Amino acid sequence: MIREDPAARAAAIVGHAHVITDADALWTYGYDATMGYRGRPAVVAAAHTEADVAALVRLAAEERMPCLARGGATSLAAGTVPPDGAFVIDLNAMRAVRRLDVAKRRATVEPGAVTREFRTLVAAHGLLYPPDPSSEAAATIGGNVATNAGGPSAFKYGVTRDFVRGLRLVGADGEIHALARPREGPLIDLIVGSEGTLGIVTEIEVDLLEAPVARSLHALTYADDQAALESVPRIIEAGLIPAKLEYLDGLTMEALERARPRGLPREAGGLLLVELDGTSEEVRRDGERLRQVLVSEDREGRVASAGQAGLWWQARTGITASLGRIRPAKIGEDICVPRTRLATTVRHIRREAGARHLPVAIFGHAADGTLHPNMLYDPAVAREVVAAREMLQVVAESALSAGGVLSGEHGLGRVKRPFVATAYDAPTLNAMRRIKHAFDPAGWLNTGAMWPQA
Ligand SMILES: Cc1cc2nc3c(=O)[nH]c(=O)nc-3n(C[C@H](O)[C@H](O)[C@H](O)COP(=O)(O)OP(=O)(O)OC[C@H]3O[C@@H](n4cnc5c(N)ncnc54)[C@H](O)[C@@H]3O)c2cc1C
């Protein structure tokens, strides 16, 4: 008997129209939002149901093909870049909001639900789903679960893991598992953030909050980046819990201004954007306290007008695209350090980048210590390519030596995997390998991502 090839077998599960094997079309599934990483998948199949996912995972295992889930493909850790010859399961057609219980403040969604669409839907009911990655227009809730996505409001409200109540998951063997808190809480905590390496999430139940009634936007400009970053712990120590507290350096503002002028203070070395929310009284009181912190610092900080703050907050959403105005390519890093080490970490990164004459734009969710140093380079200039790659290592090491971690929110994927072995001690690395092996003995699920090499 002639055995059918994997694509024909996939077509028998999801239909011919939902299987891609054409080389040109496959090309578009070979990359994600990470520059400089590319793979060549063998087959892409779009799942429409949980049963499709289970059958496709079984098929890939039988065919001994590396298998990975694809959501919005906004990964910045090359988490969605397939290994050559991989079997990709596209989850974007599974995008329904299955249930929204406004009274209980719970919702159940399929993994391909787009984050912003879901957040907008619940907001229309006076509810808040806080995880707000800046990629929310394209990222999916399934991808957010897989990466434990955070965002500007993570400091006050938490990250994706804090809102997941239950999951349905297809394991490496194609078996379907239903997990719910509190009983399977530790297991859910392990799956969230496992980057599709332990199973493929097919349904997510999330908690929602009542939306705050009032909010206000603020912008504080500083003479240099050190002053801005040293101000961050002081704002928190003053008892403020901002809904968002973002840091932008001078080069980031320069890029934004080149893309679309909005009067950002590019001559200022550092900018803090703050959003306060709560009751009207809380917002008023916190706004006053924020001004007091700035005045008491006496460090040339300046409070911008409410109009400027609103405009600059809008500008912030365009950072990634605007960096192309400085150099055509970038390596976007994502580290997290203790708040008190923000200033020294940035100083060290700048010194190293300066020694290599490489422009590095730095911004991040400063309240929780997340920094995104972006190494900007021209792929046609060999010196810059080498310098950008070197800086990737410098940035990773600077996070670890500051007592921080390799990733604040983007995950480890393929970009940070080479540094995992230096980030943890031998017993921890062994425990990690045993966990991966227990869930995925053959190692087919998102092969090459996240876990330390054997
Ligand atoms: C401009 C920009 C801004 C960003 N800002 C933020 C930010 O503020 N905070 C933040 O956390 N991240 C941010 N990111 C990174 C990225 O958006 C997040 O990692 C996001 O959670 C990925 O979602 P996605 O649907 O695009 O997932 P994908 O990129 O499609 O997948 C990411 C990983 O999850 C796996 N995966 C996807 N779906 C599933 C599933 N259903 N089951 C199991 N595994 C799955 C994939 O195999 C891959 O390993 C940003 C990215 C960009 C481009």
Confirm whether residue 73 is surrounded by fewer than 18 Cβ atoms within 10 Å (Cβ to Cβ) and either more than 25 Å from residue 439 (Cα to Cα) or not polar (S, T, N, Q) (or both).
no
Output the number of residues of the range 178-216 satisfying the condition of being under 22 Å from residue 88 (Cβ atoms) and in a strand (DSSP E or B).
5
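Per-residue answers, yes or no, for (1) among the charged types (D, E, K, R); (2) farther than 28 Å from residue 436 by Cα; (3) in contact with a His (Cβ under 6 Å, 6 or more places away or on another chain):
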site	(1), (2), (3)
77	no, no, yes
106	yes, yes, no
132	yes, yes, no
145	no, no, no
178	no, no, no
Cβ contacts < 7 Å: first residue without any contact (Cβ under 8 Å) to a residue 24 or more places away in the chain, restricted to the range 123-147; second residue buried (at least 24 other Cβ atoms within 10 Å of the Cβ) and polar (S, T, N, Q), any location; separation 6+ or different chain. Result?
136/115
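Each row is one residue, and each column tells you yes or no for (1) among the basic types (Lys, Arg); (2) over 24 Å from the mean Cα position of the chain (by Cα).
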| residue | (1), (2) |
| --- | --- |
| 199 | no, no |
| 224 | no, yes |
| 229 | no, no |
| 234 | yes, yes |
| 239 | no, yes |
| 242 | no, no |
Residues that are in contact (Cβ under 8 Å) with a residue 40 or more places away in the chain, surrounded by 21 or more Cβ atoms within 10 Å (Cβ to Cβ) and out of contact with any helix residue (DSSP H, G or I) (no Cβ under 7 Å at 6 or more places or on another chain), at least 2 per element: which strands (runs of 3 or more DSSP E) completely within the range 316-382 meet that?
370-377
Mind listing whichever residues of the range 64-82 are near the ligand (Cβ under 6 Å from one of its atoms) and at negative phi?
68, 69, 70, 71, 72, 74, 75, 76, 79, 80
Of the residues that sit in the range 242-261 and are in contact with a helix residue (DSSP H, G or I) (Cβ under 8 Å, 6 or more places away or on another chain) and more than 16 Å from residue 320 (Cβ to Cβ), which one is surrounded by the most Cβ atoms within 10 Å (Cβ to Cβ)?
245
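Just so you know, all these numbers are worked out from the coordinates, no wet-lab data involved. This is a predicted model, so every value here is computed, not measured. All Cβ positions, even for glycine, are placed from backbone atoms using ideal geometry, and neighbour counts span all protein chains on display.
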